């Protein structure tokens, strides 16, 4: 019978190699490309840094915010990006058909939405209507 793993035990590289604990590692280049390799680099849980990934998401959030402020997209777009929700899942969350949400991404269509529909969006995201509209 397998014994439970001791949570305080931390692997060193030799131990990881001996136990064949490999993982696929991504090396990102300055030009945006990446290479992969299989490695024995062990990083204890909780010490992984996802800096590059969150940096990319921050750029997406900032881009979405600028698009809303420039009148290219509606606040619906910003909140979908900010919450990392795709169209299909957002439609399920809000309870509005995805084709309607797609229309609501257009600022002209969004400006004609009823207060009830806007409240439905805000309630689904657990924020106030003011927070939803004012980006």
Checklist outcome for this item: Filter the range 84-112 for residues that are loosely packed, with under 13 Cβ neighbours inside 10 Å and outside any helix (DSSP H, G or I); the one that is modelled with the lowest pLDDT is 84
Item to check | Matching residues, the range 113-135, being farther than 19 Å from residue 66 by Cα and surrounded by fewer than 10 Cβ atoms within 10 Å (Cβ to Cβ) | outcome: 114, 115, 116, 126
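Considering each of 61, 9 in turn, give the residue that is within 30 Å of residue 115 (Cβ to Cβ) and either assigned to a loop (DSSP other than H, G, I, E, B) or modelled with pLDDT of 90 or more (or both). Even if it seems obvious, please write down each step before you answer.
Working: 9 fails: within 30 Å of residue 115 (Cβ to Cβ).
One residue alone meets the criteria, 61.
The values are calculated or read from the model by the stated rules, or taken from the named source; none is laboratory data. None of these values were measured; they are calculated from a predicted model. Here the Cβ is made from the backbone with ideal geometry for all residues, glycine too, and neighbour counts use every protein chain on show.
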